[in-house]
Each structure stands twice: as structure tokens, then as C-alpha cells.
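Here is the structure we will look at, set down as C-alpha cells.
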Amino acid sequence: MGYNLQVNIDKSSGFCFGVVYAIEMAEDILDNEGYLYCLGDIVHNDEEVERLTNRGLKIIDHEVLKNLRDEKVLIRAHGEAPSTYQLALENNLTLIDASCPVVLKLQNRIKNSHDDDEQVLIFGKHGHAEVIGLQGQTDGKAIVFQDLAELDNVELPAKFTLYSQTTKSTDKFYHIKDELLSRGYEVKANDTICRQVSNRYEELEDFVSHYDKIVFVSGKKSSNGKVLYDVCKKHNDNSYFISNVEELDQTWFNENDKVGICGATSTPMWLMEKVKAALEKY
């Protein structure tokens, strides 16, 4: 006696082009050379990282990088601060730069603002790889904040320039902009949120409304995953967050449920397929 679940995967879920590009570059080099160093997790998904480390990808941090000489190192989609490029020159490292073009464009705009002596504010997650790269464009002078409350004790100039990490919520960004304007600041706001990410919100809203239950698959470290899961939960209360197949729980489902599977821009399609296969066995 089975559950007879009807399971579908959201077609617009899965890797964004920045991640696809980084992984394809890594795979090409791994095929030819058997190994490749990568600075930080190539993608915020443990299952995909494990697949690639099994193929020879060696994940290193900045400490290890300092002692590396004459090697190839992949820069992932999140991008890096200028100091990393400087270090690579000093250590004769060849950088395989898979920084996402959307992030590179943002880095460039932040650098220009900083060079024009504007105070830069970045709406983003503290310690996030992309944000560290962005702050690096300002010699660490940009003010990074995750929510407005953090700015309460900060002495802000009357006039500043506001940017956002590329995977933040568009709604939140505009809410923050309006709030800062209403407090009397002169705010030059730059919406630098990736459209491939923000378009997912509307697609997801529509997708999740057609199912009894939603299984959202994402790494715990993914910023974008948190934002997209919130969208699922808001529009379908029966939404469950898992990082791997082992976290599925049969008690979430009823007989003949229609189940939708979706994920973050860092969730590999093969992992969602695996979840689908597991559910169909119930």
C-alpha cells in the first residue's frame, strides 16, 4: 500500500548561469589535469561540493592560499576582493576567474562610488563570500548591514550610496531605501539584485500554489536558499526545507498528495531528481 504521490520538479529551479559557468570551468580543468584548487566552496551546496571533490577539486581557504605557489586556483561565482588578485601575482598563481558577471559589475560600481569619495552602504550578509569581495572594493570602508536595526547606533553621513548583495530580496531592499529616505537621509540607491534570482520569486509563488506539499532543497549556507524558502512558506504553508534525501520525513505526506520540488540557485538538478525518486517510492 503506497502513498501514490504525484511529484514534479520546478523547471526554473536549479543552478543560475554564474554557478553553471564556474562548475563547467572546474570540470574542464579536472578532466584535463586531474585536480584543481578552489578558493572557498565552489557553491553553497555540500552535496555538489562532495561530487566535485571526488573528481579532484581541492577546496582551500585564504590561509592556505598564502602558502600556495605556481598553481592554478579557481575563483568561484561569488567573486573575490582585490587583495586576492594581488596575492596571486606575488605567489605566481594562475587564477581561473569564474566570478559571476553580475557580481563583477557590482564590484566595479562599488569601486567607482568609493573612488568618488561616497560613503557606501551594502545590504548583505556579514561574512558572506560575495560581501567580503564587495567590501574589498572600498578598502573595508563600506558599512555592511543585514537589517536596519544594525544602523541605529551607526553615525551615518547625511548623504550616502546604497547597494545590495546580488541575492537579497528586492522587496526588502526597496523597503530599506524608503525607510532611510523617510529618516531624512539623501540616499543614492542602486538596485543590484540579480534578475535571475528575483524573477524566481514570482515563478515560485506560482509554482507552489499548485501543490499540496512543497519540498525545498538547498544547502544550509545558501543566502538565496533562505530567501526562496521564505517565498515558498509564505505562499504554501506546507513547505519543508531539506538539504539531502536523508532529511525527508514520510509523515509530512498523505496519500495521493501532489508534491512540488524546488531549490535555490545553488541546488543541483541531480539532487532534486534524487529527492523525486525517493518520494515516488513512498
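The values are calculated or read from the model by the stated rules, or taken from the named source; none is laboratory data. For clarity, every value in this text was computed on a predicted model and none was experimentally measured. Here the Cβ positions follow ideal geometry from the backbone for every residue, glycine too, while neighbour counts run over all protein chains shown. Each accessible area value is taken on the protein alone, full model and side chains, heavy atoms only, with ligands, DNA and RNA left out. Shrake-Rupley method; radii C 1.70, N 1.55, O 1.52, S 1.80 Å.
Charge tally for Arg109 (other residues, Cβ to Cβ under 12 Å; Lys, Arg +1; Asp, Glu -1): -1. With all protein chains in place and ligands, DNA and RNA left out, the 1.4 Å accessible area ranks His126, His175 as His175, His126, largest first.
Gyration tensor over the Cα atoms of the stretch 102-193: the corresponding equivalent ellipsoid has semi-axes (square roots of 5 times the eigenvalues, largest first) of 18, 15, 12 Å. Computed in the context of the full set of protein chains, the accessible area of the chain at 1.4 Å probe radius has 47% of its extent on carbon or sulfur. Over all pairs of different C-alpha atoms in the chain, the reciprocal of the mean inverse distance, the Kirkwood hydrodynamic radius, equals 20.4 Å. Quick check: from the Cα gyration tensor, does the stretch 17-98 come out rounded (a/c under 1.5), prolate or oblate? Cα axes put the stretch 17-98 in the prolate bin. A 28 angstrom limit on the alpha carbon distance is what I want to check against. Which of Lys11/Lys220; Lys72/Lys274; Lys58/Lys220; Lys66/Lys226; Lys58/Lys234; Lys66/Lys125 exceed it? Checking Cα-Cα distances, Lys72/Lys274; Lys66/Lys226; Lys58/Lys234 exceed 28 Å. Springs between alpha-carbon pairs under 10 angstrom, Gaussian network model over the chain: which of Val144, Val187, Val64 fluctuates most? Top of the fluctuation ranking is Val64.
Note on Asp152: accessible area is roughly 100 Å² with a 1.4 Å probe, heavy atoms of protein only.
Each Lys or Arg adds one and each Asp or Glu subtracts one; over the other residues with Cβ under 12 Å from the Cβ of Thr166, this totals +3. Skip the ligands, DNA and RNA, and give the accessible area per residue of the chain with a 1.4 Å probe, whole Å². Spelled out: the 1.4 Å probe surface of the chain, per residue, equals 48 Å².
The candidates Glu50, Glu205, arranged from most to least accessible area with a 1.4 Å probe in the full protein assembly, appear as Glu50, Glu205. Basic side chains Lys and Arg get +1 at the Cβ, acidic Asp and Glu get -1 at the Cβ, and with that the dipole of the chain about its Cα centre reaches some 160 debye.
Loop-located GluC sites (Glu not before Pro) in the stretch 213-262 (DSSP state other than H, G, I, E, B) with a sparse environment of at most 10 neighbouring Cβ atoms within 10 Å: Glu255.
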